[in-house]
Amino acid sequence: MNELNAYLKENYHKSIFDQMEKEKETYVLHLHGNKVISGEVKTNKKYDVIFKSESGKEEELQKHNIKFLYLKKDEQVVKKVIKVDKNVKEKKLGPIINPRKRNHIKNKTLFPLMQERVLLFFTTLEGDIIGGIIGGFTRYEIQILGKKGIPITLLRHAVFDLRDKRKRCYLKRAVEARKKTSRSRKGI
């Protein structure tokens, strides 16, 4: 079994929401519609979470409406490092419900980027730019270690774009296009 398969076997099924349900820590969630809430996950369901805000109000949130999250104690640092791509924000993109229409990043692309600790910039569907290195990933989430190593969990369904500091794109369609171009140059 290669390293990627071993990594996936150990981590792919994990969920930040399971961790949040057990920890009972206060997290900040950034939702589509540029809504920000903080509180804790009371119950983790397959597609939803029961979320209790700091004011005590409980509500059921659909996971596909959550873009990214982090611990409340890290909020001041994270706020300073989140940038906005105004061009993406102006598109007013919402959650992409159909998984086939999402902006995919292949596991075999993420794994070497994580191992090599490449500085990356993730852009969400609403234009939030989160920079850092990959700390880990699961089937539905990518953990980004931002400034001071603070973990920010990005939901994979919220990704609009992924680039390195040279502006090279790592979305599935871009990687496959580069491979196709490379093959055609070699005369394959």
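The values are calculated or read from the model by the stated rules, or taken from the named source; none is laboratory data. All figures in this text were calculated on a predicted structure; none of them were measured in a lab. We place every Cβ from the backbone using ideal geometry, glycine too, and count neighbours over all the protein chains shown. The accessibility values were calculated without ligands, DNA or RNA, using every heavy atom of the protein model including side chains. Shrake-Rupley method; radii C 1.70, N 1.55, O 1.52, S 1.80 Å.
Does any residue of region 47-57 turn out to be open to solvent by 30 Å² or more (accessible area, probe 1.4 Å), under 22 Å from Asn107 (Cβ atoms) and in contact with a strand residue (DSSP E or B) (Cβ under 6 Å, 6 or more places away or on another chain)? No; the residues of region 47-57 include none that is open to solvent by 30 Å² or more (accessible area, probe 1.4 Å), under 22 Å from Asn107 (Cβ atoms) and in contact with a strand residue (DSSP E or B) (Cβ under 6 Å, 6 or more places away or on another chain). When Pro112 is tested against (1) assigned to a helix (DSSP H, G or I); (2) under 15 Å from Tyr170 (Cα atoms); (3) touching a residue at least 60 places away in the same chain (Cβ under 8 Å); (4) not basic (Lys, Arg), just one condition goes unmet, and that condition is (3). Regarding region 144-151, can at least one residue be identified that is modelled with pLDDT under 95 and either surrounded by 13 or more Cβ atoms within 10 Å (Cβ to Cβ) or polar (S, T, N, Q) (or both)? So far as region 144-151 goes, yes, one or more of its residues are modelled with pLDDT under 95 and either surrounded by 13 or more Cβ atoms within 10 Å (Cβ to Cβ) or polar (S, T, N, Q) (or both). Each residue in region 24-46 was checked for being open to solvent by 40 Å² or more (accessible area, probe 1.4 Å) and assigned to a loop (DSSP other than H, G, I, E, B), and 7 of them qualify. Of Leu120, Leu155, all but one fail to be at pLDDT 95 or above, more than 11 Å from the chain's Cα centre (by Cα) and open to solvent by less than 10 Å² (accessible area, probe 1.4 Å); the exception is Leu120.
The rows are residues; the columns are (1) part of a loop (DSSP other than H, G, I, E, B); (2) closer than 22 Å to Gln62 by Cα; (3) of a type in the set (Gly, Ala, Ser); (4) touching a residue at least 24 places away in the same chain (Cβ under 8 Å).
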| site | (1), (2), (3), (4) |
| --- | --- |
| Val88 | no, no, no, yes |
| Gly94 | yes, yes, yes, yes |
| Ile97 | yes, yes, no, yes |
| Val118 | yes, no, no, yes |
| Gly131 | no, no, yes, yes |
| Gly135 | no, no, yes, no |
| Phe160 | no, yes, no, yes |
| Arg163 | no, no, no, yes |
| Glu176 | no, no, no, no |
